[in-house]
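> Sharing a structure with you now.
Just so it is clear, none of the values below were taken in a lab; they were calculated from the coordinates. Owing to the predicted nature of the structure, the values given are computational and were not obtained by experimental measurement. Don't worry about glycine lacking a Cβ; one is built from the backbone with ideal geometry, like all the others, and counts go over all protein chains shown.
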Amino acid sequence: MRKVLTPVLVLAVIVSLGVYQREVLAEILARLIDLPRISLVPLAVAACAMVCARGFFLLSCSPGITFRQAVIADQTALAAGYGIALGGGLVGTGMRIHMFTTWKISHLTIASSIIATAVVPSFTTWGLPCLLLIVPVIGGTAAIEETLAVVFGVPIILVSFVFWWFALRSSTVFSSVGRLISSIRSFFLNRVPSRYLRLRAQVERMQPITFSVEMRNDLVQMLRERWKIISAASVGTLTASFVCLWTSSIVFEVEGLAFSEAMVIFSLVRVIVALSPIPGGTGIAEIGLVVLLERAGVNTVDATGMTVIYRLLTWFTPIVVGSALWWRYNRRFMRTHSVIAND
């Protein structure tokens, strides 16, 4: 039942829009069809900028890979995360690990890359609304959702910063994680039948405590050497995503939306997506964006049409691009291994 919950919710949102907003959707479709073909150029540029920015961010957190490999790994993982209703994020991470392993990237670097790419974006996600809205919140002029974003965002940033500052300066946290993994390993070994000799041997070779401490040292070294490029790449990804939003508003000729209002709305939507249990915030992000745009004074047709274009760029495009890249990668991988097996 849980596996079909997310698709059912998404389908319910689509059906509801189709039934209760038929006229709005018909007008949006007509305007999309009437868009001049030249308008596809800025949309394509914005989408490419987003792909490149995300690839550059993964590259900055993953010493030893090329930009091309970073784009392939990021887009395929993103396609799995967005396209698979339940557990897509884990599948995407597994695909990334598989690719990095075939590219001869060390396990320590892979682990450090996964941690860095998971932690750093959280600072920009919560930091942007705090930066934009701290003054209105203090002055009492912010809306309730803007106030909540700052009220929750500031403590989250402070706690995260303190935690990672302590973790990177002391091996205690990573040692504790290693001991926890050791306990899980012991529990697993006690329940794996003795006839599975190869599986038991692989598990017994694991040294979680040692690996955790080494991973911490590798992460510290990477952040010391690459913190500037990682920070710049993270901001670049944020900027590319906003460019997709603003380009969508220009192409759809949205009226009544100021640049500053678009930035605030963009920051709040990122928070909504981060809090959503659904991969990519599908359904929730669209509704939240439309509601925020309407509160800013944008009419329903413009708000919905802009949202459709923006989500096509940031949600649907990675699914298509990532699926194509995974198919190509997997085809080359299988061909290479078949040649090695024949030799």
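> How large is the charge dipole for the range 29-169, taken about the Cα centre, if only the Cβ atoms of Lys, Arg (+1) and Asp, Glu (-1) carry charge, to the nearest 20 debye?
Dipole size: approximately 460 debye.
> For 218, 302, 34, which order do you get if you count the other beta carbons within 10 Å of each Cβ and list the fewest first?
The most exposed by this proxy come first: 34, 218, 302.
> Hey, another quick one. Mind checking the full-extension length gain between residue 168 and residue 323? Use 0.36 nm per residue of separation minus the Cα-Cα distance, one decimal, nm.
52.2 nm
> Suppose R0 equals 51 Å. What FRET efficiency, 1/(1 + (r/R0)^6) with r the Cβ-Cβ distance, do residue 299 and residue 217 give to the nearest 0.05?
My answer for the efficiency is 0.35.
> Once label points are set 7 Å from the Cα along Cα→Cβ at both residue 143 and residue 44, what is their separation, rounded to one decimal in nm?
3.5
> Testing the spin-label approximation: label points 7 Å from Cα along Cα→Cβ at residue 157 and residue 24. State their distance in nm.
3.2
> Separate question: Specify whether the C-alpha gyration tensor of the range 221-291 places it in the rounded, prolate or oblate class, a ≥ b ≥ c being the square roots of the eigenvalues: rounded for a/c under 1.5, otherwise prolate if a/b is larger than b/c and oblate if not.
It is oblate, given that a/c is not under 1.5 and a/b is not larger than b/c.
> Which distance in nm do the two modelled labels at residue 232 and residue 34 give, with both placed 7 Å along the Cα-to-Cβ direction?
Going from the residue 232 label point to the residue 34 one covers 4.5 nm.
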